[in-house]
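J.: Attaching a single structure in structure tokens format; questions to follow.
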Amino acid sequence: MLAERPFPRETPAMFTPKWKNEAQHLVKGARKFVDYKRDLLKPEQVEEIESRRKDLLDAIKTKDLNKVNEASKQLRAVCENSLPQEPPLGWLEENVEVMFVAIVIALGLRAYYLQPFRIPTGSMQPTLNGIIGTATKKADWPGFPQRIVEKVLRGRTYIHEVADKDLQIAVSPKGSLDIRDTQFMHFFSRSEIRMTDGSKIRLPAPMNPCSEIGLGATLQAAVRNGGVIPKDTVICEGTIDSGDLVLVDKFSYHFRKPKRGEVFVFNTIDIDGILKRSGPQGAGSHYIKRLCGVPGDTLAIQPPNVLIDGKIAQEPGIQRVARGEGPYQINSHGYSLASPNEGAHNGKRLPQYLSKTSDTFTLSDTDRVGMREYAALGDNSGNSLDSRYWGAVKEFNLVGPALFSLWPFTTGHWGLID
């Protein structure tokens with residue numbers, strides 16, 4: 001192999017002619033090409049490239065522009081022709097490749113850093129909106145262009161579902177009508193009614209908000225009618241406003257301790273009071289609440305306040321709820337005690353931890369990894385199933401703080417969550 005001929009002392013780039021700069025970069029680029037592709041190049045190809053590099057170095061030394069241009073052309077040609085040319089990607093292959101890379105990046109971000117989470121219920125209002133159903137007659141709906149704008153800006157869907165024939169609702173293995181909540185792409189909540197003929201009625205929201213636009217009355221009538229929904233029955237009619245879509249920071253809790261007063265997300269694995277309930281909030285799903293107690297705290301509720309170790313909690317987020325000012329008038333009584341009726345499920349009363357002002361609830365600060373305990377309370381205290389009913393959230397359940405409300409844009413919640 002030919003020995004590398006060193007350049008003379010280089011003139012600063014700003015004073016070097018353009019042709020010389022380009023030629024010198026080509027010489028260096030050819031050297032890197034040989035180094036990177038040596039395992040694919042034949043010995044005679046390596047020798048030829050080195051010979052062309054020597055020619056270009058000689059041409060640069062003579063300062064003959066014609067020789068430099070010719071030597072540069074020869075060096076480029078031998079490098080380009082030394083390896084088989086791969087055919088260029090077609091438009092389909094190129095777009096599939098771009099989409100694949102985008103999906104891989106998105107999945108990586110979701111797995112380790114940021115995860116989207118849809119607010120399914122109203123337990124965090126007015127800080128964050130859940131899915132809300134409002135009964136309205138189709139005759140009162142705005143025009144199609146306005147409905148499209150509302151869909152984009154506020155996540156509002158207009159629903160008018162009518163039975164096109166007599167429908168017989170199937171019976172589930174538990175003996176009840178086969179009506180179930182489902183998930184689409186992990187964070188879009190749906191519901192469906194299954195029929196004996198194998199057909200399904202799919203609705204773009206869980207059962208609870210759909211019940212607010214007539215589904216509840218329709219199903220009650222079906223029960224009285226042996227599970228039959230007669231033809232031309234209006235099954236539900238109205239609007240469904242999407243719950244807020246938030247980004248959850250899955251990274252921070254690896255480097256800092258959770259803070260009392262912040263909004264956070266946790267999974268429900270091994271939380272018995274939640275596991276005993278059916279529906280989309282069962283095992284393996286996620287809750288979003290306000291973190292109102294950290295390991296070592298002793299909680300009590302003396303409406304409207306949360307007490308930590310006998311003193312009123314002063315964190316801004318907790319105080320907004322307790323004072324019930326501005327939009328928080330929705331919860332004018334601040335934090336309330338657990339209600340016996342709210343905790344009941346399938347005729348059985350679930351355990352309650354904070355049902356009287358004298359009740360206290362101490363969170364374990366054990367040193368065992370993952371077993372320290374936290375308390376979660378909803379901002380809409382009168383409409384929230386939370387630690388008052390099922391107790392502590394273990395450290396291993398934590399997903400991360402709610403970081404940013406992405407959509408809808410017109411609810412007043414877009415931006416950082418506090």
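J.: Work out, step by step, the length gained on full extension between THR16 and GLN302: first 0.36 nm times the residue separation, then minus their alpha carbon distance; give nm to one decimal. It would help to have the intermediate numbers written out before the result.
T.: Details: separation 286, 0.36 × 286 = 102.96 nm, distance 7.98 nm.
Computed gain between THR16 and GLN302 is 95.0 nm.
J.: Follow-up. Using the basic label-point model (7 angstrom from Cα toward the beta carbon), what is the TRP414 to VAL98 distance in nanometres?
T.: 2.6 nm
J.: For region 154-250, rounded, prolate or oblate, judged on the Cα gyration tensor with a ≥ b ≥ c (square roots of eigenvalues), a/c < 1.5 rounded, else prolate if a/b > b/c?
T.: The shape class here is prolate.
J.: When a/c is below 1.5 the answer is rounded, else prolate if a/b is larger than b/c, else oblate, so apply that to region 244-416 with a ≥ b ≥ c taken from the square roots of the Cα gyration tensor eigenvalues.
T.: rounded
J.: How far apart, in nm, are the 7 Å Cα→Cβ label points at LEU83 and ASN66?
T.: With each label placed 7 Å out from Cα toward Cβ, I get 3.5 nm.
J.: So which of LYS20/LYS63; LYS151/LYS250; LYS311/LYS356 end up more than 20 Å apart by C-alpha?
T.: Beyond 20 Å: LYS151/LYS250.
J.: Right, another one. What full-extension length gain, to one decimal in nm, is calculated for LYS37 and LYS137 as 0.36 nm per residue of separation minus the Cα-Cα distance?
T.: Between LYS37 and LYS137, full extension yields 29.0 nm more.
J.: So, one more: Fully extended, how many nm does the chain gain between LYS174 and LYS231 (0.36 nm per residue separation, minus their Cα-Cα distance)? Numbers along the way, then the final one.
T.: On the way: separation 57, 0.36 × 57 = 20.52 nm, distance 2.66 nm.
Full extension from LYS174 to LYS231 adds 17.9 nm.
J.: Mind sorting ILE235, ILE312 by how few other Cβ atoms lie within 10 Å of their own Cβ, fewest first?
T.: ILE312, ILE235
J.: Using a 10 Å cut-off around each Cβ, can you sort THR134, THR157 from fewest to most neighbouring Cβ atoms?
T.: If I rank by nearby Cβ atoms, fewest first, I get THR134, THR157.
J.: Order of 318-330, 36-48, 398-410 by packing, highest average Cβ count within 10 Å first?
T.: Numbers: 318-330: 16.6, 36-48: 12.3, 398-410: 18.8.
Highest-to-lowest ranking by the protection proxy: 398-410, 318-330, 36-48.
J.: Here's something else I'd like to know. Treating only the Cβ atoms of Lys and Arg (+1) and Asp and Glu (-1) as charged, compute the dipole magnitude of region 132-241 about its Cα centre; round to the nearest 20 debye. Could you put the intermediate results ahead of the total?
T.: On the way: 15 positive and 13 negative charges, 31 e Å.
Roughly 140 debye for region 132-241.
J.: With labels modelled as points extended 7 Å from the Cα through the Cβ direction, what inter-label distance (nm, one decimal) is found for GLN146 paired with VAL46?
T.: 7.6 nm
J.: Beta carbons within 10 angstrom, averaged per residue: use that to sort the peptides 116-125, 217-226, highest first.
T.: Details: 116-125: 22.9, 217-226: 14.2.
Peptide ranking by packing, descending: 116-125, 217-226.
Values quoted throughout were computed directly from the atomic coordinates according to the rules given, and no laboratory measurement underlies them. All of these numbers come straight from a predicted model, not from anything done at the bench. When we count neighbours, we look across all protein chains shown, and the Cβ atoms used for this are built from the backbone with ideal geometry, even at glycine.
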